[in-house]
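The values are calculated or read from the model by the stated rules, or taken from the named source; none is laboratory data. Note that the structure is a prediction, hence the values are computed from the model and not measured. Every residue, glycine as well, gets a Cβ built from its backbone with ideal geometry; the counts of neighbours run over all protein chains shown.
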Amino acid sequence: MAGKIAFIYNWVPTVERKGVYSECTTRRTVIAVEEALFLGGYKTMSVNLQSRQQLEQRFRQERPDFAFVIAEGFLDSPATLYDGSGAALVRKTLAEMGIPSSHSSAEAMELCRHKEMTYQVLSRAGVSIPWYRSLPTPALARVFAEANVKYPLFVKPAGGGNSVGIDANSVVRTSGELSQRMEVLYDLLGPISLVVEEYLPGREFTVGVIGNGKPVVLPPVAFAHDLVRSTEVKKAESRNEIALEIIPPQDPQYLRLRDLAIKTYASLGCADVVRIDIKATASGNLYVIDVNGTPSLGRAGSLARMTAAVNMDYVGFINLLLYYGLNRSGLAAELSEQVAAADEKLTILRKQ
């Protein structure tokens, strides 16, 4: 059994948590996870991840048995927080140190955090995705903007998550709007790779998948119509300023979302937990638009809402995720009362 757990995250003060640092977690979430692990009976060491050198130095002083990782990259290299490389790089670094970690593997994180790679894998697996184009350089993007006649489109950074670079202006309907949006993203994030895709006008859902072997799909969250889910919109949702809907397992829509999510999870080789964003067309067809390998674990986040919908408490949820990772890594985790109680709440979903 693992004796010591490293909890690895990225945190900056609230006033700095914007732009390239939007991926960083909040102090409230850090405290919530720390308390949950403590109540689960684990001795933890918290690391606000700055650099590889910091990690090596810390672990020379005190070596953990396992790492529970929600860090998106290294704070000393801000690009790793949003260009898609960070989540995989952190796991590769830990693997080189011989320390197993939570969530999906480095290879799966590479696929999840690079949207063009996500789409390539899912397309080959027969998973529905929108029409898209990958634009790896500003030069190619500008040529595309001049030649494209297919609108409306949705423009987003190819790497990262948490709606960095996403707002209402991400939907473009003319070549002028497309060119302008590209330049806004280059000004914000540098000469990054972009993805442009068919804009889907239907409702957006987010679907949590947890577990290994036979993963379980939590009750999905359905978002308000006609809203682009920017960082600001997500904050408003977390404050309950925008109404959300939970799709219960008895709803036929749950079964459609579940089947698409399970196929996505398996196709990308995910583990422990992911959150999959799915959007509908005007006619109701469902398409995967994003896969987040390190979804928010905040108490007000989508995953916490999904687990609350099956009466799973937060402490049990966090320790259940840790249990999945420990067992997958060959560390014999004890099935504590908290974990057993959390797992029992999934029974109704396993029966669907």
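A few comments on the model shown:
- Condition check for VAL172: over 20 Å from GLU23 (Cβ atoms) and buried (at least 20 other Cβ atoms within 10 Å of the Cβ): yes
Conditions tested, residue by residue: (1) crowded, with 20+ Cβ neighbours inside 10 Å; (2) not in a helix (DSSP H, G or I).
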site: MET312; (1), (2): yes, yes
site: GLY316; (1), (2): yes, no
site: ASN319; (1), (2): yes, no
site: GLN352; (1), (2): no, yes
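- Matching residues, segment 321-348, being surrounded by fewer than 18 Cβ atoms within 10 Å (Cβ to Cβ), among the aliphatic types (A, V, I, L, M) and in contact (Cβ under 8 Å) with a residue 40 or more places away in the chain: LEU331, ALA332, ILE348
- THR281 meets each of the listed conditions (1) closer than 29 Å to GLY84 by Cα; (2) more than 22 Å from the chain's Cα centre (by Cα); (3) surrounded by 19 or more Cβ atoms within 10 Å (Cβ to Cβ) apart from (3).
- Qualifying strands (runs of 3 or more DSSP E) (wholly inside segment 99-204; at least 3 residues being within 24 Å of GLY284 (Cα to Cα)): 153-157, 194-198
- Of all residues assigned to segment 80-96, none qualifies as being at pLDDT 95 or above, within 30 Å of ASN169 (Cα to Cα) and surrounded by fewer than 17 Cβ atoms within 10 Å (Cβ to Cβ).
- Here segment 39-57 is the region considered, the condition is being among the polar types (S, T, N, Q) and farther than 17 Å from LEU89 by Cα, and the residue that is surrounded by the most Cβ atoms within 10 Å (Cβ to Cβ) is THR44.
- Residue list for segment 49-73, filter: touching a Ser or Thr at 6+ places or on another chain (Cβ under 8 Å) and without any contact (Cβ under 8 Å) to a residue 40 or more places away in the chain: SER51
- Restricting segment 15-38 to residues that are touching a Ser or Thr at 6+ places or on another chain (Cβ under 8 Å) and closer than 19 Å to LEU188 by Cα, the residue that is surrounded by the fewest Cβ atoms within 10 Å (Cβ to Cβ): LYS18
- Of the residues making up segment 286-310, those that are under 20 Å from GLN352 (Cα atoms) and either surrounded by 20 or more Cβ atoms within 10 Å (Cβ to Cβ) or not small (Gly, Ala, Ser) (or both) are LEU286, LEU303, ARG305, MET306, THR307, VAL310.
- Under the condition of being basic (Lys, Arg) and modelled with pLDDT of 85 or more, the residues counted in segment 205-232 number 1.
- SER230 vs. criteria under 23 Å from LEU140 (Cα atoms) and either in contact with a Phe, Trp or Tyr (Cβ under 6 Å, 6 or more places away or on another chain) or small (Gly, Ala, Ser) (or both): no
- Unique match (being basic (Lys, Arg), outside the structural domain of LEU326 (by TED's automatic domain parsing) and closer than 26 Å to LYS235 by Cα) among ARG58, ARG17, ARG52, ARG91: ARG17
- Residue in segment 233-240 that is modelled with pLDDT under 95, part of a helix (DSSP H, G or I), of a type in the set (Gly, Ala, Ser) and farther than 30 Å from SER101 by Cβ present: yes
Residues are listed down the side, and each one gets a yes or a no for (1) surrounded by 17 or more Cβ atoms within 10 Å (Cβ to Cβ); (2) of a type in the set (A, V, I, L, M); (3) modelled with pLDDT of 95 or more:
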residue	(1), (2), (3)
GLY126	no, no, yes
VAL149	no, yes, no
ALA158	yes, yes, no
VAL164	yes, yes, no
ALA168	no, yes, no
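- Among residues of segment 265-304, those that are among the hydrophobic types (A, V, I, L, M, F, W, C), in contact with a helix residue (DSSP H, G or I) (Cβ under 9 Å, 6 or more places away or on another chain), in contact (Cβ under 8 Å) with a residue 24 or more places away in the chain and not in a loop (DSSP other than H, G, I, E, B), counted: 10
- Filtered by the rule that a residue be in contact (Cβ under 8 Å) with a residue 40 or more places away in the chain and assigned to a strand (DSSP E or B), segment 6-30 gives ALA6, PHE7, ILE8, TYR9, THR25.
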